[in-house]
1. Inside segment B:130-156, can you point out the residues that are at pLDDT below 85 and either of a type in the set (A, V, I, L, M, F, W, C) or assigned to a loop (DSSP other than H, G, I, E, B) (or both)?
2. Regarding segment B:223-233, can at least one residue be identified that is touching a Lys or Arg at 6+ places or on another chain (Cβ under 6 Å) and either within 14 Å of chain A (Cβ to nearest Cβ) or assigned to a loop (DSSP other than H, G, I, E, B) (or both)?
3. Which residues, counting only those in segment B:14-39, are in contact with a strand residue (DSSP E or B) (Cβ under 7 Å, 6 or more places away or on another chain), crowded, with 20+ Cβ neighbours inside 10 Å and not in a helix (DSSP H, G or I)?
4. Within segment B:98-136, restricting attention to residues that are more than 17 Å from the chain's Cα centre (by Cα) and of a type in the set (S, T, N, Q), which residue is nearest to the other protein chains (Cβ to nearest Cβ)?
5. Tell me whether segment B:284-295 contains one or more residues that are outside any loop (DSSP other than H, G, I, E, B) and within 17 Å of B:Ser222 (Cα to Cα).
6. Mind listing whichever residues of segment B:78-101 are surrounded by fewer than 22 Cβ atoms within 10 Å (Cβ to Cβ) and of a type in the set (A, V, I, L, M, F, W, C)?
7. Out of the residues in segment B:40-56 meeting the condition of being hydrophobic (A, V, I, L, M, F, W, C) and buried (at least 18 other Cβ atoms within 10 Å of the Cβ), tell me which one is farthest from B:Lys261 (Cα to Cα).
8. Scan segment B:123-148 for residues that are under 30 Å from B:Arg280 (Cα atoms), free of Cβ contacts under 8 Å to residues at least 40 places away in the same chain and surrounded by 15 or more Cβ atoms within 10 Å (Cβ to Cβ) and jot them down.
Amino acid sequence: MESLSNRKKVVSNKKMTFMEKLYLPAILGGMWITFKHLFKKHNTLKYPEVKREFAPVYRGQHVLKRDEEGRENCTACGLCAVACPAEAITMTSEERKKGEENLYREEKYASTYEINMLRCIFCGLCEEACPKEAIFLTDRIVPTYFERNDFIYGKDKLVEPVDQRVDISKRQLTGKRPA
Amino acid sequence: MVKVIIDDIEVEVEPGTTILNAARQIGGDVVPPAMCYYSKLQGSGGKCRTCLVEVAAGSTADPRPMPKLVASCSTPVMDGMIVKNKTSERVYDNRAAVTEFLLINHPLDCPICDQAGECHLQDLGFEHGKEGTRYEEKRRTFDPIDIGDKIKLHMNRCILCYRCVYVANQLTDKRVHGIMHRGDHAEISTYIEQAIDNDFSGNVIDVCPVGALTDKTFRFKSRVWFLKPMEASCECTKCAGKAVVWMFGDEIYRVTGRKDKYGEIEDIDGKTAWICNECRFDKKDKSQWNIEGPRVINRHSVIAQNQYLVDERIESKKLN
């Protein structure tokens, strides 16, 4: 049948000439191409010494934000978990007790909050679903580990430390939290 | 029998039926929403004004339209009445205004509230609500209080539908809570925080259209859309023992009555299947219940999210 793509090549059993049988011109030609590339601009970066700049909306490792007063924004409403197409998020909630008002913003909070980074596909739907501006994806990369359990990130890894805030101000979804 | 036309659909009903119940006989999206009317509670309705409909013709004898929108839950039908619900723009606008009015003092704390996902005000707000609020004054706030050891009252969220008052009047022998004060100061309260403890007092949780009265044994345990509602029955001397258990794995998180699509407790064998407090609050072990099977969930409900359901239409074909 006639080829539709017109890229079909018929294999021939053509005899090689003497020059081709020597292979030397072909080897030298190949080495010349390799040598030329020494002087060309590199397409790769020497990670981790050099890091590529990310777009401000890059979807990397999640962060659970605190508000201006250092209280956790998350109220364990479960909308991120129900929006998650990969079923990566689990949480349990608890009622805020008297005296914990400086720790949690609302009267309910997530006592545990886990994201399985092996399941996560970094689609950002959790960020989109969050009504409290609590979860954001950041431009940090989830590192690799040897154990599967290490990929399950709990609150210890997700909640931003009070003194080490994670900047998400350049993301698109900021500034929608109701007063 | 009288004939009425609701949204261009003709239906024959008993004389004395209200417009809302006539619409419910048709079913589907002709049915006006109702926040306070509860067909199983005598005298309920007429308070929230979400069920307002337009009457384009009063009756065959007097076909003049009614000048104002009427509350469909408390207006009886007349022969030849023409009612407009979803076909009327006036109704839609008014319902949006009523929704805004109900949300004046209602906190927007759905992410915290246990009722979220099965809340009628949430549904109403989703359909008719505005994105923001125009209310600038301070919302009236109350602290959540315990009424009894099993029921939590969040007065902030109450829309004063009086359903729980009717439950206490009609189901229990002694009502110890009610609505205090008048107008803007009206609030549900017990006499000096007296505990509500009666075998059927837990039903106030089921009838509450919002999250004002919630189950303390389920408080903040999970969200409704993570649980699987299963029909279950048990041997109970006080009630019929027909309930819905909301399960997560093998654990029972909470027990509620069997609610129909209007959020009302279903009739089983001609009797409304209210459940008693023992079934609701104490039987949280799987061995205490005879699990009959999964509850049919509307596939547009958030409870159906992330669950693979058999299409209702296919299912009904199978049954026939």
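1. B:Lys130, B:Glu131, B:Gly132, B:Thr133, B:Ile145, B:Ile147, B:Gly148, B:Asp149
2. No, that holds for no residue.
3. B:Thr18, B:Pro32
4. Only one residue tops the list, namely B:Thr133.
5. Looking through segment B:284-295, none of the residues is outside any loop (DSSP other than H, G, I, E, B) and within 17 Å of B:Ser222 (Cα to Cα).
6. B:Met78, B:Ile82, B:Val91, B:Ala96, B:Ala97, B:Val98, B:Phe101
7. In this case the residue turns out to be B:Val55.
8. Residues satisfying the conditions are B:Gly125, B:Pro144.
The values are calculated or read from the model by the stated rules, or taken from the named source; none is laboratory data. Quantities reported herein were computed from a predicted structural model and do not represent experimental measurements. Cβ sites come from the backbone with ideal geometry, for glycine too, and all protein chains shown count toward neighbours.
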